[in-house]
Amino acid sequence: MSLTESNMPHLNMVAPDFYLPDTVSGKHKSWADIKGENGTVILFLCNHCPYVIHVNAELVRLANEYISKGIGFSAISSNDIVHYPDDSPDKMKMIAKVLQYPFPYLYDESQDTARAYDAACTPDIFVFDSEHKLYYRGRLDESRPGNDKPLNGKDLRLALDLLLRGEQPLTKQYPGAGCNIKWKK
């Protein structure tokens with residue numbers, strides 16, 4: 001495991017479209033299928049990363065809270081499953097069901113979607129406004145496995161609350177950190 005920080009692409013970047021299989025429903029989903037009326041959160045996750053395992057419960061709580069406020073959510077896994085079989089689509093489906101993900105869990109086999117978003121780690125979080133422009137990218141909160149900081153989603157919650165109130169994005173945004181995306185060789 002290599003600790004990697006988010007790349008922090010420029011704000012106002014337009015959300016790249018995608019067409020990926022949802023491991024839970026078995027249907028393909030595009031940006032149009034998952035976008036929310038008031039904004040959209042894209043989460044780059046995987047099954048085996050201890051940083052993702054650490055935040056999963058808070059991501060589910062947060063998504064359940066903000067979906068009702070018109071925020072769309074989707075998780076995407078882009079890891080190389082040849083070298084990391086724990087991240088395979090059948091195991092993604094199992095994790096999504098066990099953890100009761102309230103959002104699609106999409107599989108980016110080609111890794112083109114991760115590259116288009118400039119995703120670097122898991123978790124890597126992107127928030128887009130209702131015009132599909134990047135509003136926030138970075139961490140969920142300060143909590144990391146073993147650092148004893150509370151897992152509360154405060155950074156992402158603040159960004160979403162500001163977005164819903166129509167305010168400007170945070171001027172200081174902190175990168176997320178976790179396992180690097182497992183790129184194909």
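The values are calculated or read from the model by the stated rules, or taken from the named source; none is laboratory data. Note that the coordinates shown come from a computational prediction; the quantities given were computed from them, not determined experimentally. Cβ sites come from the backbone with ideal geometry, for glycine too, and all protein chains shown count toward neighbours.
Summary table below
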quantity	calculated
From ASN64, ASN38, residue being over 16 Å from PRO102 (Cα atoms) and surrounded by fewer than 19 Cβ atoms within 10 Å (Cβ to Cβ)	ASN38
Cβ-Cβ under 7 Å pairs, at least 6 apart or on other chains, segment 75-98 side closer than 24 Å to ALA116 by Cα, far side of a type in the set (D, E, K, R) and surrounded by fewer than 16 Cβ atoms within 10 Å (Cβ to Cβ)	ASP80/LYS184
Extreme residue, surrounded by the fewest Cβ atoms within 10 Å (Cβ to Cβ), among residues of segment 74-100 that are hydroxyl-bearing (Ser, Thr, Tyr) and closer than 20 Å to VAL60 by Cα	SER74
Flag for ALA32 being within 14 Å of the chain's Cα centre (by Cα) and at pLDDT 95 or above	no
Conditions (1) polar (S, T, N, Q); (2) free of Cβ contacts under 8 Å to residues at least 24 places away in the same chain; (3) on the phi > 0 side of the Ramachandran plot: number failed by ASN12	(2)
Meets criteria (in contact (Cβ under 8 Å) with a residue 60 or more places away in the chain, in a loop (DSSP other than H, G, I, E, B) and either of a type in the set (Asp, Glu) or surrounded by fewer than 17 Cβ atoms within 10 Å (Cβ to Cβ) (or both)) for PRO175	yes
Lone unmet requirement of (1) buried (at least 16 other Cβ atoms within 10 Å of the Cβ); (2) closer than 22 Å to VAL60 by Cα; (3) within 18 Å of the chain's Cα centre (by Cα) for LYS182	(2)
Residue among GLY153, GLY138 that is over 23 Å from TYR107 (Cα atoms), surrounded by 15 or more Cβ atoms within 10 Å (Cβ to Cβ) and either touching a Gly at 6+ places or on another chain (Cβ under 6 Å) or among the small types (Gly, Ala, Ser) (or both)	GLY153
Test: residue in segment 107-128 that is under 21 Å from THR4 (Cβ atoms), β-branched (Val, Ile, Thr) and over 11 Å from the mean Cα position of the chain (by Cα)	yes
Residue count for segment 101-125, restricted to those that are in a loop (DSSP other than H, G, I, E, B) and either surrounded by fewer than 20 Cβ atoms within 10 Å (Cβ to Cβ) or among the charged types (D, E, K, R) (or both)	6
